[in-house]
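Inspection log for the structure reproduced underneath, given as structure tokens.
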Protein chains: 6
Amino acid sequence: MTALQRPADPEADPRVKAVFDDIRATRRSDFVNNLWRWLAFDPALLERTWAEVKQVMATPSALDPLTKEMIYIAVSAANACSYCVHSHTAAARAKGMSDAMHAELLAIIALAGKTNQLANALQVPVDPEFERAGGPV
Amino acid sequence: MTALQRPADPEADPRVKAVFDDIRATRRSDFVNNLWRWLAFDPALLERTWAEVKQVMATPSALDPLTKEMIYIAVSAANACSYCVHSHTAAARAKGMSDAMHAELLAIIALAGKTNQLANALQVPVDPEFERAGGPV
Amino acid sequence: MTALQRPADPEADPRVKAVFDDIRATRRSDFVNNLWRWLAFDPALLERTWAEVKQVMATPSALDPLTKEMIYIAVSAANACSYCVHSHTAAARAKGMSDAMHAELLAIIALAGKTNQLANALQVPVDPEFERAGGPV
Amino acid sequence: MTALQRPADPEADPRVKAVFDDIRATRRSDFVNNLWRWLAFDPALLERTWAEVKQVMATPSALDPLTKEMIYIAVSAANACSYCVHSHTAAARAKGMSDAMHAELLAIIALAGKTNQLANALQVPVDPEFERAGGPV
Amino acid sequence: MTALQRPADPEADPRVKAVFDDIRATRRSDFVNNLWRWLAFDPALLERTWAEVKQVMATPSALDPLTKEMIYIAVSAANACSYCVHSHTAAARAKGMSDAMHAELLAIIALAGKTNQLANALQVPVDPEFERAGGPV
Amino acid sequence: MTALQRPADPEADPRVKAVFDDIRATRRSDFVNNLWRWLAFDPALLERTWAEVKQVMATPSALDPLTKEMIYIAVSAANACSYCVHSHTAAARAKGMSDAMHAELLAIIALAGKTNQLANALQVPVDPEFERAGGPV
């Protein structure tokens, strides 16, 4: 089910077509996944969202592409976003996440989920040593 | 503030002392942070929690230690755990997270938080292509 | 799937029938959606929940009905409640939410989701200027 | 800090005074905690919220008072509500929660937090056996 | 849908078979639910997760088995874990949760969800009286 | 406390100064709140985040500025972001949110939080009538 009707022929709008073309070129694939097809109902929202995903996830940077995908999966699981867990697990697999790495990612997500709720249930005060994590001033 | 009174002299209990000693030895530091001091009110819970943290976070494995800490921070931010964000950001810094890496981690957490809520607000259906992410059967 | 079996003939119970009749009268529609059909397993819980929804959402007040629905959608997306996103998006549409308004609602939900996780990941301290928001003691 | 200024003299309003008097009588204590003092800025919201808390938490029912408080703490930890964790932990202690019970409650919250995020990260499909949990139709 | 392919013949791995056998023996049932079948892709993660579930949920302790399941459901609903809500509601029913108890559990989850978001929206400061909940230093 | 040290003299960096100047000009105020002062540690992240906030929240559009702020508060409360609740409640007050409107906003946040967790605890299936909310393909 869905809460919004996706446009029937999104690429009839040239702004949407330009984004879809860039998605295809960036990913070197003809596949445009549903999130973009749904966002096409508002070209401005589509453009801004893709521009940010492209910049953060598909531009060479300090973190390698697979690490980025694993961080994305971690947030998505914590936020209970079924769509994002599916799409970014597929992306992580495509970028080389092995079974062993996947198992470890799951173990960290599980452990963090556990201690997050434990610390929140205890309301443990933050140690002064953790203040000013790294750097001057 | 806190919802539980931490034990006044936790290491008077030999089970607690054994865990604290192992924390110090594993981390090569005299510092035992508050989460463990609070969990000391129940030695069995303390032992199990530390055993899992040690196994998942402090044992050489497929993912490098800094990547693990960044995944931990990502889950903790999504779960709004102030304590865990503080403690694992300090740990990531200690393991070499640079300002550039930190900025990128934050950008991914922010982007994932954004698209998670967008996909949940649209109730976008999962693409069939994302099913069976990785592997036979 | 569901975690509870809905009653087969809920309106056989006069308390349930009274609530369903009030839902139909209030909404001027014969449609009674699933949430109420499921809550019918406990007439007291059904009565209290409907009374609150009627009072907060279906009684003229300082906020107009469409604004209320958009606020409801925003909370439901953040809480990852698929059912509530669907039902309140339908309600907002019925109350006049245009595509442009829907796109803007989604953009705010997305942006807030983003900065929420950013502020939680940074643990930014609250500015003293934001304290006492609105008025003297 | 707070996002709302609490009323300076809430009991000057007879509707607020009536609620505060009922809180004191129900709890057999002079103490009225901050949540009620803040909600006093809107007597209708205060009345409705207290009426529900009194009905659900302070009326004899199928579940005993301590079990109710522990369930309340569990939800509050998962929702990262610092205030509610503090207030309901104090209430649970007052109703007889021992250290052993508290440790066990924490262990269940931690375990559930862990498997919740694990199941959400795996997107495990629900077993057909779990459908229609309990009862005919 | 799922984000991970479950192993086709999990019990071909003796470590997995040992865990499945222990699940069957502990529960006195031939049924092994999907969570364990999915976790079988990594025997170490499967072993650790089951060991913890067995210890916390299936070992006689200060809290009775039904209370434990209700606490588990409460956390799972707050975390929007569909799988865990289904599985633990089935478990609670099997352990004797009546319709009346289920309705009351739902009422507490609903009320806590309500006041959690209310307290977080008001940013009510914690009363000093709630500090040090239970016992001396 | 904080997990990141804010830069001591952020406006020494011309990119940061340009953003701060635009914040002041857009808001017609000398006040630059902490979120921006913390993000200044990475000028690119600061620029992108402010550009989005300016576009979504401070540009005339289909929704009026106060409605936007109330939606922002709703998401922030659900996500347990203390900072964002404080800052956007102050903003909503500055844009004309009365006590009556604030009380109503809180009542909707509370009610949505309640029914979200209720629907998630029941796993109510979405009514087919809610599919395709708003219009043809």
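Readers should treat all values here as calculations from the given coordinates under stated rules, not as data from a laboratory. Remember, predicted model here, so these are calculated numbers, not experimental data. All Cβ positions, even for glycine, are placed from backbone atoms using ideal geometry, and neighbour counts span all protein chains on display.
Taking D:M57, D:M101, D:M70 as the candidate residues, the one with maximal mean-square fluctuation in a Gaussian network model of chain D, Cα springs under 10 Å, is D:M101. Work out the FRET efficiency for F:D13 and B:D13 from their Cβ-Cβ distance, taking R0 = 35 Å, and round it to the nearest 0.05. So the FRET efficiency works out to roughly 0.10.
From other protein chains only, count the Cβ atoms within 10 Å of every residue's Cβ in E:12-21, then give the mean.
Working: counts 0, 0, 0, 0, 0, 0, 0, 0, 0, 0.
Counting Cβ atoms of other protein chains within 10 Å of each residue's Cβ and averaging gives 0.
Determine the sum of side-chain charges near C:A58: Lys and Arg each +1, Asp and Glu each -1, restricted to other residues whose C-beta is under 12 angstrom from that of C:A58. Each step should come with its number before you reach the end.
Values: positive: C:R27, C:R28, C:K54, C:K68, C:K95; negative: C:D22, C:E52, C:E69.
In short, +2.
The mean count of C-beta atoms from other chains within 10 Å of the C-beta of residues in F:97-104, rounded to a whole number, is 6.
Under the criterion of Cα pairs below 8 Å and six or more residues apart, the relative contact order for chain E equals 16 percent.
When only alpha carbons of the protein assembly as shown are considered, Rg and Dmax amount to 25.1, 73 Å.
Axis of helix C:43-57 versus longest Cα principal axis of chain C: the two differ by about 50°, to the nearest ten degrees. Judged by the mean number of other Cβ atoms found within 10 Å, the most tightly packed of the peptides D:73-79, C:36-42 leads the ranking D:73-79, C:36-42. Helix-only arithmetic for the protein assembly as shown: the sum of -39500 (n - 2.57) across DSSP H runs with n ≥ 4, divided by the residue total, places the mean residue ellipticity at 222 nm at -20500 deg cm²/dmol.
Here the range F:1-46 and the range B:23-55 have alpha carbon centers that stand 38 Å from each other.
Label sites at F:D22 and D:A51, each approximated as a point 7 angstrom past Cα along Cα to Cβ, lie 5.0 nm apart.
Distant-in-sequence amide contacts of A:D13, defined by a placed amide H-H separation under 5 Å and a gap of 5 or more residues or a different chain, comprise nothing. Taking a straight line from the alpha carbon of C:K95, these aspartates and glutamates sit under 14 Å away, with near neighbours fewer than eight places off in the same chain left out: C:D64, C:E69. Listed by chain and number, the aspartates and glutamates placed with their C-alpha closer than 16 angstrom to that of E:K17 are E:D9, E:D30, E:D42, E:E47; residues fewer than eight positions away on the same chain are left out. The range A:92-119 and the range F:80-135 have Cα centres separated by 31 Å.
If you take every residue apart from C:V16 with its C-beta less than 12 Å away from the C-beta of C:V16, what net charge results, scoring Lys and Arg +1 and Asp and Glu -1? That works out to -3.
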